[in-house]
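S.K.: Right, I'll just put the structure down here and ask away after.
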Amino acid sequence: MATAVWIALVFCLVALVAGPGFAALRGLRAWRSFRSFSRATGSALDGVMRTAASAEEHAESLTAGAERLAGATQRLQASLAELGLLRAAAGETGAAVSAVRGAMPRK
């Protein structure tokens, strides 16, 4: 009977020591996982921020390009209107020259 008591006592002591030790090891593993996750998340967020800054720069350059394109389109429309006027004037002049040439005798 004394042996059973000693076995029970040793079992209780092992359980009392092993339980907190096991919990401490699990806590240490969890802490290391958390630190690893924090580092990975931090580097991923840095990458996202760099990509966002790059996208913002591209958007700004696109906006500037769109403004230049709008100005060029306005200048083109003005040039096309001027070309239309010049063609109409040239057509009138050409008609007048043709009328004068038609009145002149040919060889």
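S.K.: Calculate how steeply helix 2-103 sits against the longest principal axis of the alpha-carbon atoms of the chain, using the helix alpha-carbon long axis, and give the answer as 0 to 90 degrees to the nearest 10.
M.R.: 0
S.K.: What is the spin-label model distance, in nm, from T73 to S61 if the labels are put 7 Å beyond Cα along the C-beta direction?
M.R.: Here the answer is 2.2 nm between the modelled labels.
S.K.: Just to be sure I understand the curve: with the Debye formula and one point per C-alpha of the range 1-58, what is log10 I(q)/I(0) at q = 0.21 Å⁻¹?
M.R.: Per q value, in the given order, log10 I(q)/I(0) is -0.83.
S.K.: Do me a favour and compute the ellipsoid semi-axes for the chain from its Cα gyration tensor, root of five times each eigenvalue, largest one first, whole Å.
M.R.: Over the Cα atoms of the chain, the semi-axes work out to 100, 12, 7 Å.
S.K.: Report, in deg cm²/dmol and to the nearest 500, the calculated mean residue ellipticity at 222 nm for the chain, where each DSSP H run with n ≥ 4 adds -39500 (n - 2.57) and the sum is divided by the residue count. Present the calculation step by step, with values, prior to reporting the outcome.
M.R.: On the way: 1 runs with 102 residues, N = 107.
Rounded to the nearest 500, it is -36500 deg cm²/dmol.
Where a number appears in this text, it was derived from the coordinates with a stated rule and is not lab data. Computed from a predicted model, the values in this text were never measured in an experiment. Positions of Cβ are generated from backbone atoms using ideal geometry, with glycine treated the same way; all protein chains shown enter the neighbour counts.
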